[in-house]
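The block underneath contains the structure these notes are about, expressed in structure tokens.
Every read-out reported here was derived from the displayed coordinates using simple, explicitly stated rules and does not represent laboratory data. What you see is a predicted model; the values in this text were computed from it and never measured. No Cβ is skipped: glycine too gets one built from the backbone with ideal geometry, and neighbour counts run over all protein chains shown.
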Amino acid sequence: MEKIFRNLSLSSASLVFIILIGIFITLFLASKDAINEFGIGFITNPNWNKEISIEIDAKSSNETIKNSKVNEIEDFNLESDLFSDEDDIMIDDEDDIIIDEDDMLFNEDIKTTFTDYGALVPIVGTILTTLIALIFALPIAMGIAVFLSEIAPKNIAYPIGIAIELLAAIPSIIFGMWGLYYFAPIIADLVGGYQVSLLTAGLVLGVMILPFMAAITRDSMNTTPDVLKESAYAMGATKFEVIKDIIFPYSKVGIIGSIILALGRALGETMAVAFLIGSIFALPTAINSPTISIPVAMANNFGEASGLGESSLFYLALILFVISFTIISIAKLYFLKKAS
Amino acid sequence: MRLLINKIVLGLSTLSALIGLAFLGWILVTLFIKGLGSFHFTLFLNDLINGGLRNLIIGQFILAGIAAAIGIPLGMVAGIYIQEYGRGKYAEVIRNLSDIMMSAPSIVIGAFVYAIIVVPTGGTSGFAGAIALAIMMLPIVINTTDNMLSLVPRELREAGIALGASKYKVIIDIVIKAAKVGIMTGILLAFARIIGETAPLLFTSETSNYFSLDLTESFPSLTVSIYDLANEPEQSSRDLAWAASFILTVLVLTINLAGRFFTRNKKS
Amino acid sequence: MPVMNIKDFSFTYPGVDHPSLKNINMKIRKNKITALIGPSGCGKSTLLRSMNRIHDLYPGNKYDGIIELLKADTQKMENILDIKKENEFIQLRQRVGMIFQKPTPFPMSIFDNVAYGLKIAGIKDKSELEGRVEKALKDGALWKEVQDRLNKSAMGLSGGQQQRLCIARAVAVKPEVILFDEPTSALDPISTGAIEELLVELKKDVSIAIVTHNMQQASRISDYTAFMYLGDLIEFDKTENIFLNPKEKQTEDYITGRFG
Ligand SMILES: Nc1ncnc2c1ncn2[C@@H]1O[C@H](COP(=O)(O)OP(=O)(O)OP(=O)(O)O)[C@@H](O)[C@H]1O
Ligand SMILES: [Mg+2]
């Protein structure tokens, strides 16, 4: 019995390992077509689902190359075609029973047009929305945390603390809806530009991670023992000095951890952003112009895409997964080291 | 000077707390006004196809319920391994991975399940949606179990062993019992979290306008339908989305509060 | 000569209907060690924490009576219970230091720990800081052990060293009085001995009030002893009188261990 139970628990624990490896491998395999097609240049390519004509005969195509950028991309793709082995094309044919029209053209070696996919726009969108959210949420969350753990008397801090925790539990889709119909119009009035934009998406994302960040930051601050604070007060420190010199240093590891956790959440957040970002595959020209993020690109296009388009979405998923995994693990290992 | 800085900083902090709370209050008030405005009891009686939410609410519960039925036992047993059996590196690795997995973007988990279930089976299904939610729930349950077990004093385990009980007996009969309240709370909070998820369901279960218990087909989901409805141009759809959001929020908060109430009651 | 004079002092915690201290009258004498003894819950810590008003970190406490503190330059007694302004609290706490039961090293280096009180008191000059930190660490009988690791985290010290660090930290700002709340109860006998020696050494410069559960400790190091019971001050006298010749029956029972 003992043995059975032990092995059962061991295998359940290993499940975590298997799932994580499984996610990585699955995403990798599913994005293999796109990886082969676009390589690492995918990350810096601003096109998405864009038909590009290849100039065999200068007058034959309507979308002739006008700027050097497209030219470069073409060169890159032609080059990779030369080097890519037959196998890839074979796999294309076998796996995609319903072959995308674009792929068809592409594979048939007529090669007048092909569809180009790149991750630059969603990557930039993801980073910028997260950044805006952090810039907005960080000071307010710190303020709330300090207020709850040090300023407010217990009988006020307790109910407000619970309220904040409950707000952190509200599904993100609610934040998205509220943002679209109530918050974005006001911001658009103030700043100008579209209601759906980088700015409104980032701010709503910020509002969404605010309670979460505040709650866990407060928890970290509360780990500071009362005696430690008292002994600083007993030396004549002001409240601010106690916060700055005792509480922050003491709970530094936890606070930074909280911020990074919130960052991780913001990076992968779909629903709060989906309503607001505009879902346009275009690099934002200003803070109030619409664009798209990786999770939103996935949310809106999965299920409809096929062939190379779907594979490119998996490539996006892989990038998102690797980024968030890296951020969180670096933080964990770094802070674990520091904490011990 | 020191006192002035002190006053300014404390003032700013209080101010930012007020700003934050104002935002959150704004959301809640909006939700209540819009949600209650479009709320009607018949929403519980009709399916979406007839302008109600019945199938969606039931569907969401079924999805989350199956996810819980899978995720809770696995997560608890895995948590027990980490805390009670795991010595050394491997348990630590699993603990960290589980921690990381907890913050993995839910849409990526959706994509994963799409690739391993939806594509091979040829279409979206309730089953796929439930699996996606179960994967989300697993690390949360592991984490809770791990944490709560770590609070059980070592002497309790030693006392059990000293009475001649085998280790797994001690774990099941004594350690788990001692940590029961905390684990239950954690599980309720985990359930509240997954029942409000949208992203992992978008392309795994999708949603359906009809009542369904067939897990092999697209499955009605409250959250996915909120997303669809909210993006429709007609005001009536949006109103329905607000009503659905209101119900969803009340649901999530109730489960959440129930969890907290539980802990508080048991402690005192 | 008293540096602190406690007159008809009563104290009530918020939400408690009866006072935890009733009509306390006693003095802390200059350059002497005054011990507070008594069974658990009798109010020793409560009294000690009134003497630098650290209670006021938490709202709703009720003070009655007078606690006077000698002002060094004018040689006048001032009632610290009148203090209302933040800066006065800060000054009070710089004049009346406090050491807790558990060592409380701040999350910073050894040097910064000792320099902390000096820095917040406005001393910026580096060489002055260094000099005073060294002096304080010597006063705290810790200099030899830490002089080559001043920039290491204070968390790495042993419990006894941490407690001496806290004493050095308190001494550094040159307070008039230092309050000790069971400073050795979390330490081993050797560290305890070191700290007892240190206290006797320190009383040349400061006046000391110490709460202790250890009768031997009180009789070994203190000059005056106050015996408290259930919020009352039962007896306050020279230590030898309390231990050898107590006037009250309760005191005698307590110190002979026949209590209960
Ligand atoms: N924050 C508080 N609120 C209400 N009552 C308190 C509080 N702190 C202490 N008390 C009560 O005041 C009385 C005196 O407590 P105090 O801590 O001063 O005792 P003590 O003599 O220091 O005991 P010990 O030797 O155990 O440290 C006790 O009855 C205690 O229950
Ligand atoms: Mg005490």
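Some values worked out for this structure:
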quantity: Residues with amide H under 5 Å from that of C:Ser207, placed H, sequence gap 5 or more; calculated: C:Asn31, C:Val177, C:Ile178
quantity: Prolate/oblate/rounded call for chain B, Cα gyration tensor, a/c under 1.5 rounded; calculated: oblate
quantity: DSSP bridge pairs, chain C: antiparallel proportion in percent, nearest 5; calculated: 55
quantity: Proxy reagent accessibility, fewest Cβ within 10 Å first, across C:Leu81, A:Leu20, A:Leu29, A:Leu190; calculated: A:Leu190, A:Leu29, C:Leu81, A:Leu20
quantity: Gap separating the Cα centres of segment C:198-260 and segment C:80-126, nearest whole Å; calculated: 28
quantity: For A:287-300, mean number of other protein chain Cβ atoms within 10 Å; calculated: 2
quantity: Exceeding the 31 Å Cα-Cα cut-off - candidates A:Lys244/C:Lys174; C:Lys7/C:Lys138; A:Lys3/A:Lys252; calculated: C:Lys7/C:Lys138; A:Lys3/A:Lys252
quantity: Protection-proxy order for peptides C:149-159, A:152-162, each taking the mean of Cβ atoms within 10 Å per residue, highest first; calculated: C:149-159, A:152-162
quantity: Set C:Lys84/C:Lys124; A:Lys229/C:Lys62; C:Lys85/C:Lys247 screened for pairs whose C-alpha atoms are more than 30 Å apart; calculated: C:Lys85/C:Lys247
quantity: Unsatisfied cross-links (Cα-Cα over 22 Å) in the set A:Lys239/C:Lys203; C:Lys27/C:Lys135; C:Lys30/C:Lys238; calculated: A:Lys239/C:Lys203; C:Lys27/C:Lys135
quantity: Where Cα atoms sit under 19 Å apart: lysine pairs in chain B separated by 8 or more or lying on different chains; calculated: 8
quantity: Rounded to the nearest 20 debye, dipole of segment C:197-260 from Cβ charges on Lys, Arg, Asp, Glu; calculated: 80
quantity: Nearest-0.05 FRET efficiency for A:Ser329 and C:Asn151, computed from C-beta distance (R0 25 Å); calculated: 0.25
quantity: 22 Å Cα-Cα reach of A:Lys32 towards lysines, excluding residues that sit fewer than 8 places from it in its own chain; calculated: A:Lys50, A:Lys111
quantity: Cα gyration tensor, segment B:18-139 - rounded (a/c under 1.5), prolate or oblate; calculated: oblate
quantity: Helical mean residue ellipticity (222 nm; -39500 (n - 2.57) per DSSP H run of 4+; nearest 500) of chain B; calculated: -23500 deg cm²/dmol
quantity: Sequence-distant residues sharing a close amide H with C:Met77 (under 5 Å, placed H); calculated: C:Lys71
quantity: Ranking of C:Glu201, C:Glu134 by count of other Cβ atoms within 10 Å, fewest first; calculated: C:Glu201, C:Glu134
quantity: Peptide ranges A:164-171, B:256-263 listed from the most packed, as the mean C-beta count within 10 angstrom indicates; calculated: A:164-171, B:256-263
quantity: Selection from C:Leu244, B:Thr223, A:Ile173, by position along the positive dipole direction of the protein assembly as shown (Cβ); calculated: C:Leu244
quantity: Peptide C:76-89, shielding by other chains (average Cβ, 10 Å cutoff); calculated: 1
quantity: Three-way shape call for segment C:74-209 based on the alpha-carbon gyration tensor, with the a/c threshold at 1.5; calculated: oblate
quantity: Average beta-carbon neighbours from other chains, 10 Å sphere, peptide A:16-25; calculated: 6
quantity: Inter-probe distance in nm under a simple model that places probes 7 Å from Cα toward Cβ, at C:Lys138 and C:Ile66; calculated: 4.1
quantity: Helical contribution to [θ] at 222 nm, DSSP H n ≥ 4, -39,500 (n - 2.57), averaged over chain C, rounded to 500; calculated: -10500 deg cm²/dmol
quantity: Computed FRET value (nearest 0.05) for B:Asn50 with C:Leu230, which takes r as the C-beta separation and R₀ as 45 Å; calculated: 0.05
quantity: Built amide H within the under 5 Å cut-off of C:Ala186, gap 5+; calculated: none
quantity: Cα-based helix-to-principal-axis angle, B:126-150 vs chain B, degrees rounded to 10; calculated: 30
quantity: Computed E for B:Ala258/B:Leu156 - FRET, C-beta separation, R0 45 angstrom, nearest 0.05; calculated: 0.95
quantity: Axial C-alpha extent at least 30 Å, average Kyte-Doolittle at least 0.5 - helices from chain C (DSSP); calculated: none
quantity: Selected from C:Leu92, C:Asn25, C:Leu69, residue furthest toward positive end of dipole (segment C:1-140; charges at beta carbon); calculated: C:Asn25
quantity: Sequence ranges C:38-45, B:126-133, ranked by mean other-Cβ count within 10 angstrom, highest first; calculated: B:126-133, C:38-45
quantity: Under the Karplus curve 6.51 cos²θ - 1.76 cosθ + 1.60, θ = phi - 60°, whole-Hz ³J(HN,Hα) for segment B:3-13, x wherever Gly or Pro sits; calculated: 5, 5, 4, 4, 4, 4, 5, 5, x, 4, 5
